[in-house]
């Protein structure tokens, strides 16, 4: 039995597939398998996979009509033999020590279920300001609690970098297709199930930036669909029956969340800083809509001094 089963969904990735496969072939954890699902490619990716499989017996290829990423991942998961499954995208690359260091972390911190790594964006000239800010935020979140606190800001763990216990993944039903980002959807369900997260503090996963990336072109990753996902998650992770939280924020963030939550919240307060006076003390539960990390940290410090506990009495969204 291999130590790691790599799930590699492929859709029209011919320009980058060779380098992606090479980064897997040179892993120092040689005892792994790669389960590639050609999800209806029309650019020759399927033929490239077949040729690569003839050279490397650890690569197994399945060809399907175009059914989408969650379906491709679930097919690969059903074929996985290892106790750990690793995600990898067909246009990205992994450091040769990636699996070894993730497995080492699983041994040094018992009970972990999902292990990511820090990421690097490449090529550098193709990364916009927004993506660079996201990467800095992502790479600062290393332990379970840090990622859990920021879960409804954005995806706190890069999907392609994940190493996940197969049994844990199967318990939550793998990936779901709900018309929004399948990675954050999965993290929410895993957190809800009690899974433990961590991240190797080295950039062992290279996320290629290019105009055809699904994160830039697929409607499932749009701001509208991310907001719908977060509202759904907020209802299951924080909002309790009979309670109507207070929503706090500023500008467009406050307006967007006010429209999204509607009557599910009791009042809306436009407050930039916690030091500003309000007509009455703030009472839990609170939902705070702030995009800037510095703003979240100011409010976090203030609310803790009021003996409020994050995720019980208040939660941040963006």
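Name the residue, out of 38, 43, that is farther than 22 Å from residue 96 by Cβ, at pLDDT 95 or above, in contact with a helix residue (DSSP H, G or I) (Cβ under 9 Å, 6 or more places away or on another chain) and outside any strand (DSSP E or B).
Of 38, 43, the one residue that is farther than 22 Å from residue 96 by Cβ, at pLDDT 95 or above, in contact with a helix residue (DSSP H, G or I) (Cβ under 9 Å, 6 or more places away or on another chain) and outside any strand (DSSP E or B) is 43.
Does residue 114 satisfy the criteria of being over 26 Å from residue 12 (Cα atoms) and touching a helix residue (DSSP H, G or I) at 6+ places or on another chain (Cβ under 9 Å)?
Values: over 26 Å from residue 12 (Cα atoms): yes; touching a helix residue (DSSP H, G or I) at 6+ places or on another chain (Cβ under 9 Å): yes.
The answer is yes for residue 114.
Among the residues in region 102-114, are any modelled with pLDDT under 95, under 17 Å from the mean Cα position of the chain (by Cα), assigned by TED's automatic domain parsing to the domain that holds residue 186 and part of a helix (DSSP H, G or I)?
no
Condition test on residue 7, is it buried (at least 16 other Cβ atoms within 10 Å of the Cβ) and within 21 Å of residue 121 (Cβ to Cβ)?
no
Quick one: would you say residue 270 is more than 23 Å from residue 240 (Cβ to Cβ) and either without any contact (Cβ under 8 Å) to a residue 40 or more places away in the chain or over 29 Å from the mean Cα position of the chain (by Cα) (or both)? Spell out how you get there, then give the answer.
On the way: more than 23 Å from residue 240 (Cβ to Cβ): yes; either without any contact (Cβ under 8 Å) to a residue 40 or more places away in the chain or over 29 Å from the mean Cα position of the chain (by Cα) (or both): yes.
Yes: the conditions hold for residue 270.
In this structure, does residue 162 turn out to be buried (at least 17 other Cβ atoms within 10 Å of the Cβ) and either at positive phi or modelled with pLDDT of 95 or more (or both)?
The answer is yes for residue 162.
Condition first: buried (at least 17 other Cβ atoms within 10 Å of the Cβ) and either in the same structural domain as residue 189 (by TED's automatic domain parsing) or farther than 15 Å from residue 149 by Cβ (or both). Can you find one or more residues in region 274-284 that meet it?
Within region 274-284, one or more residues are buried (at least 17 other Cβ atoms within 10 Å of the Cβ) and either in the same structural domain as residue 189 (by TED's automatic domain parsing) or farther than 15 Å from residue 149 by Cβ (or both).
The values are calculated or read from the model by the stated rules, or taken from the named source; none is laboratory data. What you see is a predicted model; the values in this text were computed from it and never measured. Every residue, glycine among them, receives a Cβ derived from its backbone with ideal geometry; neighbour counts consider all protein chains shown.
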